[in-house]
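Here's the structure we're looking at; comments come further down.
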Amino acid sequence: MRRYIFTAISILLLIVTFFMFGYDPTKWYGKFYNFLSIFTPFVLGGLGILSAIFGIKGDIRKVLIVLNAFLMILFLGVYLIRIFGFQKL
């Protein structure tokens, strides 16, 4: 039973992290995302990977770990572009 709970938590964190990628401050949910820190996707992704490790064994675990890691790498790329890519030389 505990493995199912960890898998559900990992899926929930994956969905929340995915929706943070489509963040738009002009929408009705913009104030909530402005409240969150810049490191929140990395924390949520790390917790998603950790809870997937303790979740159901098999293909579900592998898929959740890969998707959470992919979103973390995607956010890292976006943040690096945002920090270093838009500087005036």
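The values are calculated or read from the model by the stated rules, or taken from the named source; none is laboratory data. What you see is a predicted model, and the numbers here were worked out from it, not measured in a lab. Neighbour counts are summed over all protein chains in view; Cβ atoms, including those assigned to glycine, are modelled from backbone coordinates with ideal geometry.
Before moving on, here are some points about what is shown:
- The residues on offer are K31, K57, K62, and the sole one that is at pLDDT below 90 and of a type in the set (K, R) is K31.
- Residue check for L36: surrounded by 15 or more Cβ atoms within 10 Å (Cβ to Cβ) and either at pLDDT 90 or above or not small (G, A, S) (or both): no
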